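See structure below.
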Amino acid sequence: MTFVEYWTWDAKAGKYRTWYFSDWGEFGGGWVTSATDGNKYRMTGNGQDAKGNKTGGSGTMTFTDKDTLEWTWNESGPEGKMEFKGTMKRKR
């Protein structure tokens, strides 16, 4: 499964707006708000899975240093609740 996600700044709302799409036909969108220090973000969103079922979730992203991002995502849908988490490291 491959996803692409786009983030744009919504100046009127004062937060980021997101859209995602997968090669399985999944899609959705949501909102991302930033903490004042710019190191932590809170995400919420809704979408549709490949079978047309509604999904929704929320999560966080935290920059623990300039090269490390830790993230979580909790999603509810027709298959129940799932929790995803991970750490991403910048390669130099």
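Some values worked out for this structure:
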item: ASN39 being of a type in the set (S, T, N, Q), in contact with a Ser or Thr (Cβ under 7 Å, 6 or more places away or on another chain), in contact (Cβ under 8 Å) with a residue 24 or more places away in the chain and surrounded by 11 or more Cβ atoms within 10 Å (Cβ to Cβ); result: yes
item: Output for region 2-36, where each listed residue is surrounded by fewer than 11 Cβ atoms within 10 Å (Cβ to Cβ) and basic (Lys, Arg); result: LYS12
item: Options THR72, THR8, THR62; residue that is over 10 Å from the mean Cα position of the chain (by Cα), under 17 Å from THR87 (Cα atoms) and at pLDDT 95 or above; result: THR62
item: For MET61: the one exception among (1) farther than 27 Å from ARG90 by Cα; (2) aliphatic (A, V, I, L, M); (3) surrounded by 15 or more Cβ atoms within 10 Å (Cβ to Cβ); result: (1)
item: Selection from region 1-56 of residues that are in contact with an Asp or Glu (Cβ under 6 Å, 6 or more places away or on another chain) and among the basic types (Lys, Arg); result: ARG17
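The values are calculated or read from the model by the stated rules, or taken from the named source; none is laboratory data. Nothing here was measured: the structure is a model prediction, and the numbers come from that model. Counting neighbours? That spans all protein chains shown, and the Cβs are built from the backbone with ideal geometry, glycine included.
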